[in-house]
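Input: a single structure, listed below in structure tokens.
The values are calculated or read from the model by the stated rules, or taken from the named source; none is laboratory data. Note that the structure is predicted; figures quoted are calculated from it, not measured. Here Cβ is always computed from backbone atoms with ideal geometry, including for glycine, and neighbour counts include all displayed protein chains. All accessible areas refer to the heavy atoms of the entire protein, side chains included, with ligands and DNA or RNA removed. Shrake-Rupley method; radii C 1.70, N 1.55, O 1.52, S 1.80 Å.
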Amino acid sequence: MKRNLLKAAISLLVLLMLNVICLAQTPKFRVLALYSTNVESDHVDFAMQAMQFYGRMAAEKGFAFDTTSNWENLNDEKLKDYQVVVWLNEFPHNNTERAAFEKFMANGGAWLGFHVSGYNDKYTKWTWFVNFLGATFYNNNWPPLPAKMIVDDNTHPATKRLPKSYTAPINEWYGWKPNPRDNKDIKVLVTLSPENYPLGKKNIIPEGDIPVVWTNTKYKMLYMNMGHGDKNFTSDIQNQMFEDAIMWLGGK
Ligand code: ZN
């Protein structure tokens, strides 16, 4: 009798240990980050640093962070293993990849896009994406510069740890027309402060209401205009947003 009890206790212990090991190995969610290396070198620099930043974070927070420079991975078969897709410095150019991404988002997938990944103009010809992002590229400053940010919304999970305003590190900033704020589905979270204008030297953004971070409330998505050069991860304040963004997108 005693022996049976001992056996039962040991089996239970083994089961519990297996469970703990299993839990430790199962990632909370899976992220697939796509990037390109044949683009502007400042955009490659950002992608490399972003992969280091999120790679470290994934190990700490217990999610999976996979990266690829092969955009053909935007297909149903590959995407079914992931909850979050990140575009670090590029966007899909062909209809097969675009269609797979549209389906992924329609089925409840999450997206984080940085900087040039949100670029679209009359030549990109992807109407779905224009509606999804709620904006079309209009102008930019040059050279890249730090800029003061106004945080519009501190209630969103991605911006809850940001102060009301802060100075973002050196970046190339984009203006948009139409303005995403005019789209009823878009919620703007961070905006360029008017104090920055005129912003630039060679290319000047003279004025304007220019959103920098926003979400389309019809989807689980975030766009952030940061992503040019190797200084974007030098602000502890801003890094909190990069961190909270992915945790929100990967959360249930
Ligand atoms: Zn750029």
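For the chain, what is the accessible area per residue in Å² when the probe is 1.4 Å? Before the final figure, lay out each step's value.
Details: 12680 Å² over 252 residues.
Computed with neighbouring chains in place, this is 50 Å² per residue.
Restricting everything to alpha-carbon atoms, can you work out Rg to Rh for the stretch 2-250 with a Kirkwood hydrodynamic radius? Don't skip to the end; give the middle numbers.
Details: Rg = 20.7 Å, Rh = 19.3 Å.
Reported Rg/Rh (Cα atoms, Kirkwood Rh): 1.07.
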Find the centroid of the Cα atoms in the stretch 188-252 and in the stretch 145-179, then give the distance between the two in whole Å. 5
Phi to ³J(HN,Hα) by Karplus 6.51 cos²θ - 1.76 cosθ + 1.60 over the stretch 135-148, Hz, x for Gly, Pro: 7, 10, 3, 10, 8, 8, 8, 8, x, x, 9, x, 8, 7
Packing-wise, with mean Cβ within 10 Å as the measure, how do 30-43, 54-67 rank, highest first? 30-43, 54-67
Sorted by chain and then number, the residues having a modelled amide H within less than 5 Å of the amide H of Ala33, at least 5 places away or on another chain, are Asp66, Thr67, Thr68, Val86
Using 0.36 nm per residue, how much length does the chain from Glu72 to Thr37 gain when fully extended, once their Cα-Cα distance is taken away? 11.1 nm
Could you give the DSSP H helices of the chain that reach 24 angstrom or more along their long axis (alpha carbon positions) and whose average Kyte-Doolittle hydropathy is no lower than 0.0? 2-25
With θ taken as phi - 60° and the coefficients 6.51, -1.76 and 1.60, list the Karplus ³J(HN,Hα) couplings across the stretch 69-81 in order, rounded to whole Hz; mark glycine and proline as x. 9, 9, 6, 5, 5, 6, 9, 4, 4, 6, 5, 5, 8
Nearest 500 deg cm²/dmol is fine: what mean residue ellipticity at 222 nm does the chain get from its DSSP H runs of n ≥ 4 alone, each adding -39,500 (n - 2.57), divided by its residue count? -10500 deg cm²/dmol
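Quick check: net charge around Met221, other residues with Cβ under 13 Å of its Cβ, Lys/Arg +1 and Asp/Glu -1?
Details: positive: Lys187, Lys218, Lys220; negative: Glu102, Asp185.
With Lys, Arg at +1 and Asp, Glu at -1, the net is +1.
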Beta bridge orientation in the stretch 2-250: antiparallel %, DSSP, nearest 5: 55
Note: Gln25 to Asp209 extended length (0.36 nm per residue) minus current alpha-carbon separation gives 61.7 nm
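For an R0 of 35 angstrom, estimate the FRET efficiency from the Cβ-Cβ distance between Leu12 and Tyr219 and round to the nearest 0.05. Numbers along the way, then the final one.
Numbers: r = 45 Å, r/R0 = 1.28.
Using R0 = 35 Å, I get an efficiency of 0.20.
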Met221 long-range amide H proximity, modeled H, under 5 Å: Trp111, Asn216
Out of the trypsin sites (Lys or Arg not before Pro) in the stretch 147-197, which ones are loop residues according to DSSP with at most 11 other C-beta atoms within 10 Å? Lys164, Lys184
Charge dipole (the stretch 9-97, unit charges on Cβ, about Cα centre) - positive-most of Met57, Ser69, Asn94: Met57
Residues of the stretch 98-130 with backbone N under 18 Å of the label point set 7 Å from the Cα of Met51 along Cα→Cβ are 112-117
At a 1.4 Å probe radius, carbon and sulfur cover how many percent of the accessible area of the stretch 5-161? 58
